[in-house]
Amino acid sequence: MTLLQSIKNYVRSKSIHVSYVDVGSCNGCDIEVLACLAPRYDIEQYGIYVHNNPREADILLVIGAYTPGWEEKLEMVWNKIPEPKVAIAIGNCPISGCLFNRPHTYIDPPVSKHIPIAASVPGCPPRPTEILNAVLSLAPVVFKDYEVKKR
Amino acid sequence: MSAVIYEKDLTAMKYAILVSGRHDRVVREIAADLQVGVQQLRRYIIRHFDMMLMENIPARYEAGKKDDSLMEPVARELGMELYTRYIPLFGKKQIEPVIDEVEMLVAEGKPEEEAIRIGKAMLGEVLSR
Amino acid sequence: MKKTVDVSIPLGPIHPCFKEPARVKCETKGEFVTGAEVELGYMKKGIERIMKGRPWQEVMFLAERVCGICSVIHNMVFIEALEKMSGIEVPERAALLRVVVNELDRMQSHTLANFSYCYTIEHETLGMYLLDMREKVMDLLELITGARVTCAYIVPGGVRFDLREEDRESLLASLDAIETDVRRYMGMFEGGSLIGLRSRDIGILSKEAALEAHAVGPTARASGMPEIDRRLQHPTYQKLQFTPVSRDGCDNFSRIMIRFDELLQSIELIRRCSALLPEGPVRGGGIPGAGEIVYCGEAPRGELTYFIKTDDAGRILDISIQTPSIMNIEACCHYMLKDAASIADVPSTFVSADPCIACTER
Ligand code: SF4
């Protein structure tokens, strides 16, 4: 590993930009992601910055069960995120459709059919600490030696 | 690519709103009131209303039914307030000639109920145009 | 409606200020906003369609997931509708505990709404304070019900768990701390001159417009309509001598302040409940049967109505839900946003009505 690469690894593990997209949830997971911002969990002390701009994001949190309104749009959002990138599914909804996945529904889960999902945090809704834990443990693994892996 | 993001065809989504329980009932009620086909009214609403207004149709319809501030009997029976302010199906310009016509019919000695029915049918005409 | 305008500026579906996907299309003349349209369809799950033909035991949990922010009230209204329909009695203690949980839920929802507003007008400090306070309320909710969100605490004929004596004491102690916080943040919001510049006389919703769009909840109460509060019709609240608050500023500022007012009011209500709390069972039991009912309750955002029809086995034959956000967002985008002086005011005005897209579309 070159020196440059190790510097890159270090920097990437300390500055993670997170964006979230709600593709048809009940809002329960939404507010749990928001609760991560609270001073009690203080997501920014780990160098994670939550905002809602896919163009600057490293990690995309996907919440919800993929409603027809997001057809093509979710892929578009995913394509706009610069490499290296990774998507995490938050809650039961993107994994299985939770309890909305019944006859006559409009939704079309799982989300992994539409964009690649690297990890999922089950729960209805998961606790903020679990979300935080998932982001923190996934980021260094995925972003490590990105340039080497690409070659 | 941006073409898709910015102008997506919303007809299917709008239709999904209109056929859900309460909305369907209200739309059928209005259609029966104005003597137009349900599908015709749906098409008109889909073309002219935005999605938020469509979601709010039942609540607005109820609020409009309760409102009795308008005193003129003919205009009230025709739903002047209801169909222009609460559920903006028509503009003021479209409904005023109809009111005049109905008032004229009543003055000519037609029974009020029948005159109003004719008036409603005329309003229905406007929708199907 | 199809119109030709100068420039149509779309905000969303992904926007740094909106927590949920919705598209607000603003028609502008220069900076001046002449009107707005909202485009939905990003959250349509078809819950009402799923609910049809299912037993109430299942629909209970679906009802809770209509909206994750105010899940307790959905639970409460659905269960109370079933109870009223089939004549199930609720023990006194359980009825009061329901009010306690409901008011806690209202508190966390109002704090979240005020946080979003502060965040949108870029007053991040106050926003973070509020979010921290919300965590304290969530702790209390977890203490009583066992879960933070979607707790399914209310069941036909009572509630799931009793409130232990030591928990009641810690509840009251935390409420004291929260009340001090609320008063402090209220003073900060009221006195902040920059906050005043961003919120006073912006996003006016006159009383006539509120009546026309059938606005409900804090949005309507900030336009001087206290009688809109459905808690006045609820028997337990009547016993607690509940009186609604209202303000008549009609602008963003009043809408936020009225939520602060209601926070204090909720704290007071919980205290009264806990003083009245009698000994006794919390679960009476009872099985919902056939019937048809229209039942209203006051959600944090306003009047929530369930239209339910069931058969003998308690299966839901027909259901429709009218959530408060439908009326409030409509009032917001067709009356408040009209004549906004600049595009920068659009997100904050939109957020001040406390929009919840998930329950708007269901
Ligand atoms: S997983 Fe549960 S809490 Fe999260 S969005 Fe889905 S239904 Fe709501």
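The values are calculated or read from the model by the stated rules, or taken from the named source; none is laboratory data. It should be emphasised that the depicted structure is a prediction, and the values quoted were computed from it without experimental measurement. When we count neighbours, we look across all protein chains shown, and the Cβ atoms used for this are built from the backbone with ideal geometry, even at glycine.
Residues that are more than 10 Å from every other protein chain (Cβ to nearest Cβ) and under 30 Å from C:Ile50 (Cα atoms) are absent from the range A:3-25. Of the helices (runs of 4 or more DSSP H) lying entirely inside the range C:153-225, those carrying at least 3 residues that are touching a Leu at 6+ places or on another chain (Cβ under 8 Å) and over 28 Å from C:Leu276 (Cβ atoms) are C:165-191. Any residue that is surrounded by fewer than 14 Cβ atoms within 10 Å (Cβ to Cβ) and under 21 Å from the mean Cα position of the chain (by Cα) - is there at least one of those in the range C:257-276? Scanning the range C:257-276 turns up no residue that is surrounded by fewer than 14 Cβ atoms within 10 Å (Cβ to Cβ) and under 21 Å from the mean Cα position of the chain (by Cα).
So for the range A:50-59 (the condition being within 16 Å of the ligand (Cβ to nearest atom) and more than 10 Å from chain C (Cβ to nearest Cβ)), does at least one residue qualify? No, the range A:50-59 contains no residue that is within 16 Å of the ligand (Cβ to nearest atom) and more than 10 Å from chain C (Cβ to nearest Cβ).
Note on the range A:34-49: residues that are crowded, with 17+ Cβ neighbours inside 10 Å and more than 9 Å from chain C (Cβ to nearest Cβ) total 3. If I filter the range A:122-142 for residues that are among the hydrophobic types (A, V, I, L, M, F, W, C), touching a strand residue (DSSP E or B) at 6+ places or on another chain (Cβ under 9 Å), within 19 Å of C:Glu20 (Cα to Cα) and within 16 Å of the ligand (Cβ to nearest atom), do I get at least one hit? Within the range A:122-142 (the criterion being among the hydrophobic types (A, V, I, L, M, F, W, C), touching a strand residue (DSSP E or B) at 6+ places or on another chain (Cβ under 9 Å), within 19 Å of C:Glu20 (Cα to Cα) and within 16 Å of the ligand (Cβ to nearest atom)), the answer is yes, since at least one residue qualifies. On inspection, C:Val72 does not qualify as modelled with pLDDT of 85 or more and either away from the ligand (no atom under 16 Å from the Cβ) or surrounded by fewer than 24 Cβ atoms within 10 Å (Cβ to Cβ) (or both).
Tally time: how many residues in the range A:1-19 are crowded, with 16+ Cβ neighbours inside 10 Å, hydroxyl-bearing (Ser, Thr, Tyr) and closer than 16 Å to A:Leu136 by Cβ? Summing the residues that are crowded, with 16+ Cβ neighbours inside 10 Å, hydroxyl-bearing (Ser, Thr, Tyr) and closer than 16 Å to A:Leu136 by Cβ in the range A:1-19 gives 1.
The residues listed here are A:Gly97, A:Gly91; of these, the one that is under 15 Å from the mean Cα position of the chain (by Cα), within 10 Å of chain C (Cβ to nearest Cβ), within 16 Å of the ligand (Cβ to nearest atom) and on the phi > 0 side of the Ramachandran plot is A:Gly91.
Counting only helices (runs of 4 or more DSSP H) wholly contained in the range C:1-95, the ones carrying 1 or more residues that are β-branched (Val, Ile, Thr) and more than 9 Å from chain A (Cβ to nearest Cβ) occupy C:56-64, C:71-86.
For the range A:100-113, taking the residues that are in a loop (DSSP other than H, G, I, E, B) and surrounded by fewer than 21 Cβ atoms within 10 Å (Cβ to Cβ), the one that is nearest to the ligand (Cβ to nearest atom) is identified as A:Asn101.
Name, by its number, the condition in (1) hydroxyl-bearing (Ser, Thr, Tyr); (2) under 18 Å from C:Ala147 (Cβ atoms); (3) surrounded by fewer than 24 Cβ atoms within 10 Å (Cβ to Cβ) that does not hold for A:Ser25. Answer for A:Ser25: the failing condition is (3).
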